[in-house]
Protein chains: 2
Amino acid sequence: MVASGRRPDRLATDGGEFARLLAENERYTESFDRSALTPAPLSGLAIVACMDARLDVEEALGLRTGDAHIIRNAGGIATDDVVRSLIVSQQLLGTDEIVVIGHTGCGLLGVDEDGLRDRLAAASGRRLDIGFGSFDDLEASVHRSVERLRTHPWLKRVPVHGLVFDVTTGRLLEVD
Amino acid sequence: MVASGRRPDRLATDGGEFARLLAENERYTESFDRSALTPAPLSGLAIVACMDARLDVEEALGLRTGDAHIIRNAGGIATDDVVRSLIVSQQLLGTDEIVVIGHTGCGLLGVDEDGLRDRLAAASGRRLDIGFGSFDDLEASVHRSVERLRTHPWLKRVPVHGLVFDVTTGRLLEVD
């Protein structure tokens, strides 16, 4: 069972999480043999998903190394930066299908944006003029992102799917 | 060996890649048991990485489901949208360490941005005023992103590491 937001052993290891990552990577290289892969994703897919730690995009979708571009941000929202990434994905690396993934229990559901802006302004001494992408309706949020990507003038007219990932079951529900 | 940018069997399957994803997810749910995980990443880490298909962030870093926020875009660049995601990650979900990952053979290395803008403008009939984030020096690009995140007024003063992933060996090299 997970009792808190940290691994129990986190503070007990010298060097902390970052040293552990480098050690894990050393092991990873021993079995790594994907030198034949090119930058163009094998499946032609570009995935747009939330950054949430409980969503392992490759495992949940059965994707292998080299299969798909994976673009992730807070909320899995089709921001301008996602559009930039998708232009690069389509124009330079040939992807021709998009999957947008939101998820249950998202940290952006019902966030008090004014409160967050006030807190950051007080801490930094600088007023914030940005939005954080919070939403009240998960499926509606996925739908908005799907619609933006389906109609954006600089993106190709390719299939765009919308899914919701259930963090308690691992199941993907098609919503668009 | 990979001969082209597509799986050989791609066009032979009814419904294509998307149907395969849903079938893979059905299998995934059968062994899924992470219902005790909360939105707060267990390791306290937020990873910022390129969307490249050859970089499986979880596997390359030995991360397990629930461990870390994973933010990805074209280039693994610290854009405004990455800053937005990191504010959410730090303020709402308690992460306190950042790892930025660029990689060899990135599709954004040395891109002719003017040519790409002209091509998109011709196809869409609308002039583009955006940049794509291309760069000529991989380590310098990682360094710029690390510096921006270390000094950004709305981000906490937490450790920020810079790594380069070698797509031919799977190895991570610490550059910042």
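The values are calculated or read from the model by the stated rules, or taken from the named source; none is laboratory data. Since the structure is predicted, the reported quantities are computational estimates derived from the model, not experimental observations. Here the Cβ positions follow ideal geometry from the backbone for every residue, glycine too, while neighbour counts run over all protein chains shown. Ligands, DNA and RNA are stripped out before the accessible areas are found, and what is left, the full protein with its side chains, is counted by its heavy atoms. Shrake-Rupley method; radii C 1.70, N 1.55, O 1.52, S 1.80 Å.
Quick look at the values:
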item: For the protein assembly as shown: rounded, prolate or oblate by the Cα gyration tensor [a/c cutoff 1.5]; result: rounded
item: GNM result for chain A, Cα springs below 10 Å: residue of A:Glu147, A:Glu30, A:Glu97 fluctuating most strongly; result: A:Glu30
item: Part-to-part distance (alpha-carbon centres) for region A:129-171 and region B:42-99, which is given in Å; result: 19
item: Distances in nm from A:Gly16 to the matching label points in the other copies, shortest first (labels 7 Å along Cα to Cβ); result: 4.5
item: Cβ charges +1 (Lys, Arg) and -1 (Asp, Glu), total dipole of the protein assembly as shown, debye; result: 480
item: DSSP beta bridges in region B:37-175 [antiparallel fraction, %, rounded to 5]; result: 15
item: Choice from A:Arg27, A:Arg119, A:Arg144 showing the highest fluctuation, given a GNM over chain A with Cα pairs closer than 10 Å; result: A:Arg27
item: Sites B:Asp33 and A:Arg150 - FRET efficiency at Förster radius 35 Å, r taken between beta-carbons, to 0.05; result: 0.50
item: Partner chain coverage, peptide A:129-142 - average Cβ within 10 angstrom; result: 1
item: Cut-off 16 Å, label 7 Å out along Cα→Cβ of B:Thr104, residues of region B:136-176 by amide N; result: B:137-140, B:163-175
item: Relative contact order [Cα under 8 Å, 6+ residues apart], chain A, whole percent; result: 21
item: Built amide H within the under 5 Å cut-off of A:Val167, gap 5+; result: A:Thr104
item: Tensor-based shape of region B:114-172 (alpha-carbon gyration tensor, a/c under 1.5 rounded, otherwise prolate or oblate); result: oblate
item: Inter-copy spacing of A:Lys156 label points, which lie 7 Å from Cα along Cα→Cβ, given in nm from shortest upward; result: 4.2
item: Other-chain or far-sequence residues with amide H under 5 Å of A:Val100's (modelled H); result: A:Val48, A:His161, A:Gly162, A:Leu163
item: Inter-copy spacing of A:Leu173 label points, which lie 7 Å from Cα along Cα→Cβ, given in nm from shortest upward; result: 4.7
item: Signed unit charges on C-beta, dipole axis of the protein assembly as shown, positive-most listed residue B:Ala46, A:Gly107, B:Ser134; result: B:Ser134
item: B:Glu26 paired with B:Leu173, simple spin-label distance in nm, labels 7 Å along Cα-to-beta-carbon; result: 4.6
item: Surrounding net charge for B:Glu113, when Lys and Arg each add one and Asp and Glu each subtract one, Cβ distance under 13 Å; result: -2
item: Gyration tensor (alpha-carbon) shape descriptor, chain A, a/c threshold 1.5; result: oblate
item: Gaussian network model of chain A, springs between alpha carbon atoms under 10 Å - residue of A:Asp33, A:Asp56, A:Asp96 with greatest fluctuation; result: A:Asp33
item: Accessible area per residue, Å², region A:122-176 with all protein chains present, probe 1.4 Å; result: 55
item: A/B buried area, accessible surface, summed, 1.4 Å probe, Å²; result: 8600
